[in-house]
Amino acid sequence: MDDLMNVVDWSRWQFALTAMYHWLFVPLTLGLSIIVGVMETIYYRNRDAKWLAITKFWMLLFGINFACGVATGIILEFEFGTNWSNYSWFVGDIFGAPLAIEGLLAFFMESTFIAVMFFGWNKVSPRFHLSATWLTALGAALSALWILVANAWMQYPVGTEFDPSQMRNVMSDFWAVVASPMAVNKFFHTVLSGWVLGGVFVVGVSCWFLLKRRNIELAQKSIKIGGWVGLVGIVMTMWTGDGSAVAVSKYQPMKLAAMEGLYEGKCGQEIVAFGILNPDKTVDNEENPYLFDISLPYGLSVLAKHDANAFVPGINDLIDGVELTAEGDTVATDSYATRIAMGRKAHEALRAYGEAEKIGDEAAMTQASAALAENFKYFGYGYFNDVNEAVPPVALTFYAFHLMVIAGGYLLLFFVVVLFLVYKKKQWLGSRIVQWMGLLTIPVVWICSQSGWITAEVGRQPWIIQDLMPTRAAISDISASSVQITFWMFVVLFTGLLVAEVCIMLKVIGRRSKEELVNEKQ
Amino acid sequence: MKHKAITMITRVYRFYADGFRSMTVGRYLWAMILIKVAIMFLVLKLFFFPNVLSRDYDTDEQRAEAVRNTLLDQR
């Protein structure tokens, strides 16, 4: 068992490491592709050589990031087959179909049009080139769509039926999978957050130009585009974040409770704007969950239910299976003890199905299949011996969520201030404080972006597939030492890539900044 | 028709060949991509990341049986 836990832990660390490294590159691709598209559109409309030079400069940085980031996600697919083979088999074509579409359509589309973007200047018509630039951006977004559809299914498994004979979930409704509320919100929230990151990157690098007093015109024009894309991005990210919160409260209420460190819910639930959790608090004691908190009245009820008086269940309410109506009447839901019992019945039914199948007993198979279908929605709970095992890591989820929200709030303010300055108080952009603020916001947006993923993925623990499969059941029968070896190989490989990207970026930005970019002869 | 197709292929080939020839920073980026992809597929995938179920079992029935047994034995 100790060995199994080690394999689970190492595999989780490995997956988190590769996913988080991958996610350093992807949002910048998503954001910069849009910004470059906007810049080239301006050039296409006014044929001003300055805008062509600006477009080419940011396109080069986009290319560097794309080259460093491309294929880093493939390792995740390797890990599915090796470390998470039970999971890979169990999800069947639910995961395979979107990833295959992603690989065949979106990635190739993105790669093809990138070639036109970089090689096509003066070789294809400006209109075709502009189309290629936008199609690259579309391809990047489509890549993200299919990955996020697969991820959303893990958080809210719909549109599938479990086949006990194949031991796989079989897709019964493709559109239910693609258009689930979790998938739609996750797609827009994630892709638009890439716009925010791209916007901050452009504004930040432009501020460095201003700090060095080089290519002032390029910097100011870039700040306008980066600022607008970032502002639209952050507003839309917040809006879709609201949609995500509603979806999470509906389909993953335990995650929402962990995000807020909420143990006992109530009608008209406040939201913690800032807080420090009490490390001694557990589901079994009566300690105050917070050492310190600043809360907004009714905030969580409004956020999660769009109703100031709605009941938001806490961790203990969910375990006990208790909810209240807005009027205060108690409504019983399935307690976690009930879910564990149903999960065990599902396990027994699956075992009986397997035995009946071996001897070809059709009647017993039908009976077992019916029992399995009746209890399958809580299949994963059958692995738990204690209800506490179904509670996610509260502290990490809580702090990651609040860090994301606080950083997101700062970014909204940042873009408003940046646009105000660039349009109304341009001389203030000469202030070193403003320039340093722009530059230092670059790491903030990455922290915000990574915190979002930590909230989404840690908050859904212990599940790899919500209610159906806990993470520990998904693991392959492999040794912990083999995962440790590849974990450290990835640390070296990805750190090398990151260092390479940063070095190439800095070198190119430094070298190009010394040229008169906007006076470049075209 | 055949002539048109060949002309088209030639133009696409030239488009890419000229593009690669005129690259500056791109050369390093392509080198990085090729090294990265080689490490991933020729080292990591080949030696460290086998598909466990494909490696250990010959048929889908055996794989399904193995997954069933593993899942039910874990509680």
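For the residues B:59, B:10, the requirement of being more than 8 Å from every other protein chain (Cβ to nearest Cβ), among the polar types (S, T, N, Q) and more than 30 Å from residue A:170 (Cα to Cα) singles out B:10. In segment A:413-425 there is at least one residue matching the filter, namely being surrounded by fewer than 13 Cβ atoms within 10 Å (Cβ to Cβ), assigned to a helix (DSSP H, G or I), touching a Lys or Arg at 6+ places or on another chain (Cβ under 9 Å) and in contact (Cβ under 8 Å) with a residue 40 or more places away in the chain.
Residue under question is residue B:67, and the condition is that it be over 20 Å from residue A:501 (Cα atoms) and either assigned to a helix (DSSP H, G or I) or within 8 Å of chain A (Cβ to nearest Cβ) (or both); does it hold? Yes; evaluated as a whole, the condition is true for this residue. Against the conditions (1) in contact (Cβ under 8 Å) with a residue 40 or more places away in the chain; (2) surrounded by fewer than 20 Cβ atoms within 10 Å (Cβ to Cβ), residue A:317 satisfies every one except (2).
The condition of being surrounded by 19 or more Cβ atoms within 10 Å (Cβ to Cβ), free of Cβ contacts under 8 Å to residues at least 40 places away in the same chain and more than 27 Å from residue B:47 (Cα to Cα) holds for only one of A:80, A:62, that being A:62.
Residues that are in contact with a Gly (Cβ under 9 Å, 6 or more places away or on another chain), among the basic types (Lys, Arg) and within 7 Å of another protein chain (Cβ to nearest Cβ) are absent from segment B:14-37.
Give me a count of the residues in segment B:40-55 that are facing chain A (nearest Cβ under 7 Å) and over 18 Å from residue A:66 (Cβ atoms).
8
Scanning segment A:331-380 for residues that are over 18 Å from residue B:65 (Cα atoms) and charged (D, E, K, R), we see that the one that is farthest from the other protein chains (Cβ to nearest Cβ) is A:334. Which one is farthest from the chain's Cα centre (by Cα), of the residues in segment A:465-483 that are buried (at least 16 other Cβ atoms within 10 Å of the Cβ) and away from every other protein chain (no Cβ under 11 Å)? Here the residue is A:480.
Taking residues in segment A:493-508 that are not assigned by TED's automatic domain parsing to the domain that holds residue A:70, and partners anywhere that are at pLDDT 85 or above and surrounded by fewer than 17 Cβ atoms within 10 Å (Cβ to Cβ), not one pair has Cβ atoms closer than 6 Å while being at least 6 places apart or on different chains.
Please enumerate the residues belonging to segment A:460-479 that are of a type in the set (A, V, I, L, M) and at pLDDT below 85. So that I can check it myself, show each step before the final result.
Keep residues of segment A:460-479 that are of a type in the set (A, V, I, L, M), which gives A:464-465, A:468-469, A:473-475, A:478.
Matches in segment A:460-479: A:478 only.
Number of residues in segment A:449-461 that are touching a Pro at 6+ places or on another chain (Cβ under 9 Å) and buried (at least 20 other Cβ atoms within 10 Å of the Cβ): the value is 4. Scanning segment A:207-218 for residues that are touching a helix residue (DSSP H, G or I) at 6+ places or on another chain (Cβ under 7 Å) and without any contact (Cβ under 8 Å) to a residue 24 or more places away in the chain yields one hit, A:216. You will find that of A:135, A:142, the residue that is among the aliphatic types (A, V, I, L, M), under 30 Å from residue A:42 (Cβ atoms) and modelled with pLDDT of 90 or more is A:135 and no other. Could you check, for segment A:74-90, whether at least one of its residues is in contact with a Leu (Cβ under 7 Å, 6 or more places away or on another chain) and more than 11 Å from chain B (Cβ to nearest Cβ)? Looking through segment A:74-90, none of the residues is in contact with a Leu (Cβ under 7 Å, 6 or more places away or on another chain) and more than 11 Å from chain B (Cβ to nearest Cβ). Taking the criterion of being within 14 Å of chain B (Cβ to nearest Cβ), at pLDDT 85 or above and within 26 Å of residue A:245 (Cα to Cα), would at least one residue in segment A:447-457 satisfy it? No, that holds for no residue. The one condition from (1) under 19 Å from residue A:254 (Cα atoms); (2) aliphatic (A, V, I, L, M); (3) over 28 Å from the mean Cα position of the chain (by Cα) that residue A:291 does not meet is (1).
Residues in segment A:431-445 that are crowded, with 18+ Cβ neighbours inside 10 Å and not aliphatic (A, V, I, L, M): A:435, A:438, A:441. Return yes or no: is residue A:193 part of a helix (DSSP H, G or I) and under 18 Å from residue A:428 (Cα atoms)? The answer is no for residue A:193. Remark: residue A:428 matches the filter, which requires a residue to be touching a helix residue (DSSP H, G or I) at 6+ places or on another chain (Cβ under 8 Å), of a type in the set (A, V, I, L, M, F, W, C), surrounded by fewer than 23 Cβ atoms within 10 Å (Cβ to Cβ) and assigned by TED's automatic domain parsing to the domain that holds residue A:224. Applying the criterion of at least 3 residues that are under 30 Å from residue A:205 (Cβ atoms) and at pLDDT 80 or above to the helices (runs of 4 or more DSSP H) found wholly in segment A:49-111 leaves A:49-69, A:74-82. Here is the figure for segment A:264-288: residues that are of a type in the set (A, V, I, L, M), within 19 Å of residue A:318 (Cβ to Cβ) and at pLDDT 90 or above total 3. You will find that of A:147, A:94, A:101, the residue that is surrounded by fewer than 19 Cβ atoms within 10 Å (Cβ to Cβ) and more than 24 Å from residue A:51 (Cα to Cα) is A:101 and no other.
The values are calculated or read from the model by the stated rules, or taken from the named source; none is laboratory data. Keep in mind it's a predicted model, so treat the numbers as computed, not measured. So basically every Cβ, Gly included, is an ideal-geometry build from the backbone, and we count neighbours across all protein chains shown.
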